[in-house]
Amino acid sequence: MLLPEAGLDWTETVLAPESRATKGVPEATPDEPLATRILLGGPVCRPLHADAVDDPGVAATLTTERDASDYTMVDLGVTFNPADGERIQNAWVQVMLSVPAGIEPAIAWSMTPERLASPDLLTTEIEVRTDLKILSLGAKTSRAVTRQDTFLQALNPLRADPTWEFSRTSSAEIVGALRMALMVRSAVGSPVRGALRMVAVIRRKRFKAIPYTVLAADGNHTPEAGAVMFDVR
């Protein structure tokens, strides 16, 4: 079953350095935050229901699961736009899933992309298989790619803390717009909260590589954790 691409609202961010300058260190850490380097897209959450899908196999699986589990598509995006003289070395996009006490944990049933060797993923189609796993169609993936050449890697599937890791490689800079999607499996009828967190390591002129917490510029985050909170279900 092919799903139409979800439209994403993009949010400007402020990057707050995670450490402070140390006296006597030549490559001291700057104290000022950075703006306009990264945009966050979404999250957009789309519950899947058997009566709303056009694929008989997917509908049959959802019908079988309806008394035990709910499934929700979560669409995300990120745009990297480093300033002149800057390079983004690494970045991590994480979604923390939480449910009320005593409820079966919500997990990342499936994530896409799983692995990319190239950042050419501005837009893509999403396919949902009959086992309710999701795939990116048209993405440049390779299961034979070495870890050193991996530009994007999905981490922590089947857990409550799914994470995508971006890594600058010899052939790919972390720049441009990319989209990700997450299938969340949760106990039927259970409310699920998501906390979107992002960290980026940026190398700037005259400075060492510095980790930054990425915060929504509109203040829509928890100050202590830098997380954007949203309702999955």
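Given the Cα-Cα distance of A52 and V175 and 0.36 nm per residue of separation, how much length would full extension add, in nm?
Result: 40.7 nm gained on full extension.
Determine, from the Cβ-Cβ distance of A83 and E125 and an R0 of 41 Å, the FRET efficiency 1/(1 + (r/R0)^6), rounded to the nearest 0.05.
0.80
Which value, in debye to the nearest 20, describes the size of the charge dipole of the stretch 43-82 about its Cα centre when Lys and Arg Cβ atoms bear +1, Asp and Glu Cβ atoms bear -1, and nothing else is charged?
160 debye
Here, each number is a calculation from the coordinates, and none is a lab measurement. Note that the coordinates shown come from a computational prediction; the quantities given were computed from them, not determined experimentally. FYI the Cβ positions are ideal-geometry reconstructions off the backbone, even for glycines, and counts take in every protein chain you see.
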